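Report on the following structure.
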Amino acid sequence: MTRRYWLEITEYVFLAGSVIGTIAAAATQQVVYAAVPLTITVGLNMDNRNRINRLGQQQQLTGLTHLHQIIDPLEERLGVMEALTEEVKTWVQEHNTEGKEAIAVVQRSINPLRSTLEQLKTQTQQLDTRTQQQLREFKENQLETKEAAVEQIEQFFSRIRDHLAQLEALAHQVNPATTAQLAAMEGAIADLHNRFTPIQTQLDHLSAAERPVGEAIDSAQVQEIAAAYQAQVQEHIEALLTPLRSDIDDLKARVEEHHPVAAELQDLRATVTQLQANVSLPLDVPSMAVITPEVNPLAPTATLVALQRSNGKSHWHCLYALNAHRGGVNAIAISRHGQTFASGSDDHTIKLWNLSSGQELRTINPPNSSSGAAQIKTVALSPDGQILASGGDDKTIKLWHLSPGRANHVLSGHGGTVKSIAFSPDGQTLISGSDDKTVRIWHVPSGELLRTLTGHSEWFTGVKSVAISPKGDVLASSSDDKTIKLWSLATGENLRTLLGHHGTINGLTFSPDGQTLISSSDDNTLKIWQVSDGRELTTLSGHHGAVHAVAVSPNGRFLASGSWDQTINLWDFGTGTKLETLTGHSAAVVSLAFGQERQGNGSSPLWLVSGSSDNTIRIWQQV
């Protein structure tokens, strides 16, 4: 034990002794018993207090020393950190200066670029102005060229008429002379016959006389007489034929005079044919002030290549190539009366057209959605032609009243791009197929969603096409899961699934009688199916690329298919025979529609409208 503890124990002992001494002093009345222990206790306490203070000071000094030992390295580190901080500040200031200088250099470099950009903008505007002016001049020159060509054609026709008049005059001049010469020739021949007859008679007499008097007359004399008669007859014949030869030479000379006229007429005809091939004249003049896009009337055989013909004649030719769209034409819809059609494009617009003249009637620009302007992927016209439906990549369907041209309803609910829509025959129901892999059935007057059909594979993109049977009882949908599903429109029940294609099925259409369904696929084929039992009837092959579109004519005679190979094949729907291949598009043909316009004279011309990724629409007519 340390001395400190002994002192504390001694202090406690004397303190107890003081208590006992105090008790004894109180008992004995002797103060000394209490004073001595108390004095010793006080002394020990004072000594202990001093010692405790010194020990406390030593402990504080020891603690301070220990703290200094801990703080000194921290202070050294803090100093190092302060030095590093100063260096960092200095580096930042230096690099900040360098950064500012670099920014200044960049700004100095950008300023010329900005001025150059402004110059480019100015030059672009000037170029655009010059281009527009040159385009106008080009159109004016083209118009003047056409007018000059028409005038030149009229001059050629005038020359043709003049030459025909000259030919008629020459014919009148030649005919009397030719008749007289023929009469003279006939008279000369008759005279020759009359002169030759007595000679022949004399020869016959000589021959008859030779037999009875054969012994009296010498054979040499007979030969001399015959030779003399033969020479006489030959001279007489030559004398008669000489004027005839002269007359024939005159006739040949007159005929030769007419040959240059015929040759010139043939040259004129060739020139007119060439001019007609080089100059495109407008086929129709608009009777009302409407928006007129750039319409190119085409020669009947300019864009038609008939690969297979049933009787050696071309059945279809292209009347117009319409290039008002600025994006691929994804959809075509023709009204039931066959007078107008609608087109939807990737340029975010819908256009209405006159079918027979190719004139643009109206452009509908759907309002921008939250994701911006929507590309139009599909359009459909109601059976009465009063409502236009459109769908696109904004995942909505818009219904338009065509009279005011405003959206009546916006049908929302799909979770992907709307790829295909179709009206029911009564116009009360609309069917839509989308990349969200669903088919939806809508009530047109109210815009209410009636039913959602699911069943196509979740592993693929979605529904590519929908179609409704002419009776309005069966709905067909196709997908890139390579299947076709037939549904009951009334109950939404999946009636059957058609299997057979080996690629995405892009298009569907029912035959006019509703007994068959036609499909087009990425496997380059079309298939015709029996609706009642789902049986595959036939496969049509003839394209060299994916078949994107399919359509059946209203009379049920023709089937048209549009392909990635830029062609349209026309088929005999009854026999499956390919009739013709129409060419002219420069990219994939992605939309097709037939139309049949009923005219006042009782005729019903058949039309085919095609839309392509080359941004154009072509109108074809059966001839």
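The values are calculated or read from the model by the stated rules, or taken from the named source; none is laboratory data. Not measured: the values here are computed from a predicted model. Methodologically, a virtual Cβ is constructed for each residue, glycine included, from the backbone with ideal geometry; neighbour enumeration extends over all protein chains shown. Areas reflect the complete protein model, heavy atoms only, side chains present, ligands, DNA and RNA absent. Shrake-Rupley method; radii C 1.70, N 1.55, O 1.52, S 1.80 Å.
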* To do: Tally up the carbon and sulfur contribution to the accessible surface of region 483-533 as a whole percent, 1.4 Å probe, everything protein left in place.
  => 46 percent
* **Whole-number accessible area per residue in Å² for region 324-440, which is evaluated in the context of all protein chains at 1.4 Å** => 34 Å²
* Heavy-atom SASA rank of 150, 13 (probe 1.4 Å, accessible area, largest first) -> 13, 150
* Structure fact -> For region 465-604, the per residue accessible area (1.4 Å probe, Å²) is 37 Å²
* With labels modelled as points extended 7 Å from the Cα through the Cβ direction, what inter-label distance (nm, one decimal) is found for residue 130 paired with residue 27? -> 13.8 nm
* Structure fact -> Taking a crude spin-label model, label points 7 Å out from Cα along the C-beta direction, the residue 59 to residue 123 distance in nm is 9.2 nm
* **Projected label distance in nm at residue 13 and residue 86, using a 7 Å step from Cα toward the beta-carbon** => 6.5 nm
* **Where region 102-151 is the region considered: accessible area per residue in Å², 1.4 Å probe** => 88 Å²
* **Carbon + sulfur, % of accessible area of region 1-115 - ligands and nucleic acids excluded, 1.4 Å** => 65 percent
